[in-house]
Amino acid sequence: MAEYLTAELAKVGVDDEAIVEYCVGLLGDASMAAEERHEAIVGYLEAVTEAETGEIVHNAIARMAEEQAQHRAEDEQRAKDELDRAQERERAEFRRDMEAATREERQLTAEERKQREAFLKKYGYNALEVVEKNGEAEIVYREAKDTPAKSEGNDNAKVVADRQRAFRENAKAAHQKK
């Protein structure tokens with residue numbers, strides 16, 4: 001943009017780089033509307049030179065708008081390309097993970113086995129049985145026969161209500177002691 005303005009202003013007798021830089025700065029000022037920029041630059045240039053600069057400024061604003069539109073389009077294309085590359089990397093990683101999962105079963109560490117056994121025992125499963133299916137060994141857990149009957153439904157609300165009631169009773173007793 002600076003080269004264009006320098007060449008055009010040189011035709012009307014303005015060869016000062018500071019004037020060109022100031023005009024380029026005004027052209028790039030997004031806080032002003034195009035009409036305001038046009039008026040500001042034309043007014044400034046008319047104070048510097050007696051020549052008509054309205055057409056030069058109008059063409060410069062049009063070129064600046066074209067350049068900005070081109071930069072936006074390039075930025076959008078770059079962002080789209082980056083998104084496509086990221087999605088392709090994600091798909092490749094997903095395929096790699098799925099292939100790895102089908103190739104080998106994960107082996108549990110001793111600590112993980114202990115945690116699993118404690119969890120199963122806590123919830124009433126204790127007998128494990130190894131069953132062969134289609135040439136693969138599968139571990140099946142059987143429910144313990146001596147476990148109490150499991151409750152039907154979620155009793156979390158009841159537990160919370162009981163704790164709140166106990167807390168209120170304790171607070172009431174503490175208040176009455178005072």
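The values are calculated or read from the model by the stated rules, or taken from the named source; none is laboratory data. All values reported here derive from a predicted model rather than from experimental measurement. Every residue, glycine among them, receives a Cβ derived from its backbone with ideal geometry; neighbour counts consider all protein chains shown. Note: accessible area is taken over every heavy atom of the protein model, side chains too, but ligands, DNA and RNA are not part of it. Shrake-Rupley method; radii C 1.70, N 1.55, O 1.52, S 1.80 Å.
Here are the numbers for the structure shown:
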read-out: Any hit, region 2-10, residues being more than 22 Å from Ala69 (Cβ to Cβ), surrounded by 13 or more Cβ atoms within 10 Å (Cβ to Cβ) and free of Cβ contacts under 8 Å to residues at least 60 places away in the same chain; value: yes
read-out: Residues that are open to solvent by less than 90 Å² (accessible area, probe 1.4 Å) and either of a type in the set (Lys, Arg) or within 19 Å of the chain's Cα centre (by Cα) (or both), drawn from region 85-101; value: Ala86, Gln87, Glu88
read-out: Total residues in region 140-178, condition surrounded by 10 or more Cβ atoms within 10 Å (Cβ to Cβ), under 23 Å from Ala118 (Cα atoms) and modelled with pLDDT of 75 or more; value: 1
read-out: Candidates Glu36, Glu67, filtered to the one that is of a type outside the set (Ser, Thr, Tyr), open to solvent by 60 Å² or more (accessible area, probe 1.4 Å) and touching a residue at least 60 places away in the same chain (Cβ under 8 Å); value: Glu67
read-out: Yes/no for Glu112 being assigned to a helix (DSSP H, G or I), open to solvent by 60 Å² or more (accessible area, probe 1.4 Å) and either modelled with pLDDT of 80 or more or over 30 Å from Glu136 (Cα atoms) (or both); value: no
read-out: Members of region 23-33 found to be over 14 Å from Tyr4 (Cα atoms) and surrounded by 16 or more Cβ atoms within 10 Å (Cβ to Cβ), listed by number; value: Leu26
read-out: Selection from region 38-54 of residues that are assigned to a helix (DSSP H, G or I) and of a type outside the set (Phe, Trp, Tyr); value: His38, Glu39, Ala40, Ile41, Val42, Gly43, Leu45, Glu46, Ala47, Val48, Gly54
read-out: From the options Glu55, Glu50, Glu46, residue that is over 45 Å from the mean Cα position of the chain (by Cα), surrounded by fewer than 12 Cβ atoms within 10 Å (Cβ to Cβ) and over 25 Å from His71 (Cβ atoms); value: Glu50
